[in-house]
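The values are calculated or read from the model by the stated rules, or taken from the named source; none is laboratory data. Fair warning: this is a prediction, and the values are worked out from it, not measured in the lab. Positions of Cβ are generated from backbone atoms using ideal geometry, with glycine treated the same way; all protein chains shown enter the neighbour counts. Each accessible area value is taken on the protein alone, full model and side chains, heavy atoms only, with ligands, DNA and RNA left out. Shrake-Rupley method; radii C 1.70, N 1.55, O 1.52, S 1.80 Å.
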Amino acid sequence: MKELGPAALYRRYDPEEFDFETTAELEDLTGTVGQPRAVAAVEFAAGIAREGYNIFALGAPGVGKHSLVSHYLEKHAETRAVPPDVCYVHNFEEPDKPRLLQLPPGRGVDLRRDTAKLAENLRAALTGAFESEEYQTRRQVIEDEFKERPREELRDIEERAKQEGLVLLRSPVGMAFAPTKDGEVMSGDEFRALPEEEQKKIQEKVEGYQEEAQKALRQMPSWDRDRHTRVRDLDREVVEAAVAAPLDELRQKYESLPGVVAYLDAVQHDVVERARELVEQDGPSGEAVIAVGPKGPDRKASMSRYHVNLLVDNRGTTGAPVIYEDNPTYDNLIGRIEHVAQFGALSTDFNHIKAGSLHRANGGYIMLDAHKLLRAPYAWEALKRALQSGNLRIESLGQTLSMMAVVSLEPEPLPLNVQVVLLGEPILYYLLSQHDPDFEELFKVASDFAELMDATPENVKGYVRLLATLAREDNLRRFDRSAVARLLEYSSRVVGDQERLTARIGVIHDLLREADYWAGVNGVEVVKAQHVQQAIDAQINRADRVRERVHEQIAMGTIMIDVAGAKAGQVNGLSVLMLGNFAFGRPSRLTARVRLGQGNVVDIEREVELGGPLHSKGVLILAGYLGANYTPDQPLSLSASIVFEQSYSGIDGDSASAAELFALLSAIAEIPLKQSLAVTGSVNQHGEVQAIGGVNEKIEGFFDVCCAKGITGEQGVIIPASNVRHLMLRRDVVAAVSSGQFHIYPIETIDQGLELLTGMPTAARQSNGEYPEGTFNRLVETKLLELAEKRRAFGARNGADKEPAN
């Protein structure tokens, strides 16, 4: 097979093709690059603005979901009306259910200021009214009038009784009438000395006047009520006169807002009804509370009940809001009602209602991290409930779950008109789609962000402008065109594709910052390609301790890898180890052993539960390939075992299936394989070699091992031909290939790989159905037929029911 030349191993961007010297000459990127599908979805959802057309922006971390979505939402938000201010005020009829007021933008702060001033004016007006001389005089008249009424009633009774010879006696225990003689109270002896008939007459008179006096006394509560009514009417008259002017002034100012006018009417009615209570109970703090004690809620009138709690202030705002809630907990989303401890009891009122991010985003857009939202207890359910009902209802979580026996508030719900954007990884989107029946009704638009983009001239141009924009936003040094070229090459390496660039801009942004740092360390003002490379090398150096250790063990022979010579049933397979964001290739010795059996290919990794399902699938394919390719008319009569030597951890993936097949065929034919060549690639039942991942890391891993054990000029790697476009190898590997010290061979079929590993031809079947003499395939088929014959002979000697043990 023809090996690959240096040009095929690396996509180089020529700095001379750029029409600028440094990024300072480039304009900022105003739109996006490489995400047309995601952009179209966001613009569609923002444009349609219908119920249920919320957005789930799905993509890998670092692809720019947040910045792109916020950019386009802000563009649409500029064309929308500014939402109203949101206030809560006291509900005078049901104090536990504060009323909601929505005002034009900027009027909320005016109303809050005006009502705070009104409360101060009312306090002064009420105090002045009740302390005025006129009020005191009129009240004293009422008090005196009702104070004299019982005395006048008793005085009349006393005068009439006196005319009939009786006198009214007052004592601490009550009142009583007694007969008199010569102006003095008659003694008991004198009364008993009177004739019996006269005694009886006096007794009747006493009882009559006593009953009349008691009747007069029983009217006193009624007189007291009349007194209170007269005083209350006086209070109302005085209070109405005192508060009419400031309230009329406010009503005139807010006459275009019926809700505010109605609230001011309620304020006036409440002030008139509670004037005396307000003056007597309002303390220096002016705080109105609902205190929860043993007897339940205790509502105290206070001037703060006439304040306005401004939850959302949109003054100075242009367009609709675009809010990002970094911590989408239940309270942070829907708001909360705070309680304060006072005298051993919890207390609250409408002034303790706090806005959530949904309040601030109402009338616009809110962006939430899906993973954080789903981790916050009950936040996802609260969000769905608000979207489904179209109302934002503030409820404490303890109250919702019936965990707290505390009397709290039930604020009037806010009509909700908000578009929600969830930002998350694809797995979250698909899990929610499958397991949450409400999800697809609430999030009808998926904005799918790609992890990579085609390296078309248009995208490359936009990508370069993006690099310049990021550098300017971070106040980084200028990048010259050689640095830009190296950044583009690194971008292709990240995705492992010569024809594409990574859309994970966060990775590139980090490299920009680090290259700027190294340019500063080197004392230059323009970042060049060598500084970008220095940043890349530094990143690798910080992460490759384990790789260095593994390669060191291979070089010392602790991990057994041959890079020269030839052995039957043994081949160098290649795998990739991932440690965080760092990946490196690790060669592994893969061996196969064959003997007489019933056609079983044993995957030792699977038997000991170290092999994953994909690896096991790859091994099972080998038996199908053997039977169909070599003994289509005979039973497969071997027992084979395949294993990764010195493997002490789990293995998964089918990228070693080609290497396993090579080892198995070599063991069957007893033909040695070149140990100077390593193999990667998966295989299907037709013997076609298929693409795998991590091809660059695998090649570089074997190259590093060869360098450590000694380059002979014979070493190389066999890869699937379909992986050639994914090659973005390190420059030292490219240099070794260019000088003939290292070789990379692309293959499409197993036969092509066998010819490279054995040096023997393979050939296809001839017209007579047999493989040509002297070919590798003929040797394999002959060996398999011999095993089949031995199995038949074994069965004939020992009985048809006794097969060779596996």
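Miscellaneous remarks
- Modelled spin labels at S767 and A628, positioned 7 Å past Cα toward Cβ, are 2.6 nm from each other.
- Residue-count net charge about N581 - beta-carbon cut-off 13 Å; Lys, Arg +1, Asp, Glu -1: -1
- Amide proton proximity set for I323, modelled H, under 5 Å, gap of 5+: Y365, I366, M367
- Two-site FRET efficiency, K567 against A796, from Cβ-Cβ distance with R₀ of 56 Å, rounded to 0.05: 0.95
- Straight Cα distances below 23 angstrom link K461 to the lysines K65, K528, with same-chain residues fewer than 8 positions distant left out.
- Dividing the helix sum by the residues of the chain, where each DSSP H run of 4 or more adds -39500 (n - 2.57), gives a mean residue ellipticity at 222 nm of -15000 deg cm²/dmol.
- Degrees separating the helix 481-495 axis from the principal Cα axis of the chain, which is the longest one: 90
- Set of lysines with alpha-carbon distance to K97 below 19 Å, sequence-local pairs under 8 removed: K300, K354
- Reciprocal mean inverse distance between Cα atoms of the stretch 708-806 - Kirkwood radius, Å: 17.4
- For the stretch 311-356, Kirkwood radius (reciprocal of mean inverse C-alpha pair distance, Å): 13.0
- Inter-probe distance in nm under a simple model that places probes 7 Å from Cα toward Cβ, at F582 and R232: 8.3
- Additional length obtainable on full extension of the chain from A116 to D28, 0.36 nm per residue less Cα span: 26.9 nm
- Note on N391 and Q163: the extension gain reaches 74.0 nm, defined as 0.36 nm multiplied by sequence separation minus the Cα-Cα distance.
- Set of lysines near K200 by C-alpha distance (under 21 Å), chain-local residues within fewer than 8 positions excluded: K162, K181
- A 1.4 Å probe run over the protein chains yields, for the chain, 48 Å² of accessible area per residue, whole-number rounding.
- Using every pair of distinct Cα positions in the chain, the Kirkwood expression returns a hydrodynamic radius of 35.9 angstrom.
- Accessible surface of the chain [probe 1.4 Å, protein heavy atoms]: carbon and sulfur percent: 49
- Using a Förster distance of 35 Å, the FRET efficiency for R542-A49 (Cβ separation, nearest 0.05): 0.15
- Full-extension gain in nm, R315 to E204, via 0.36 nm per residue minus C-alpha separation: 31.5 nm
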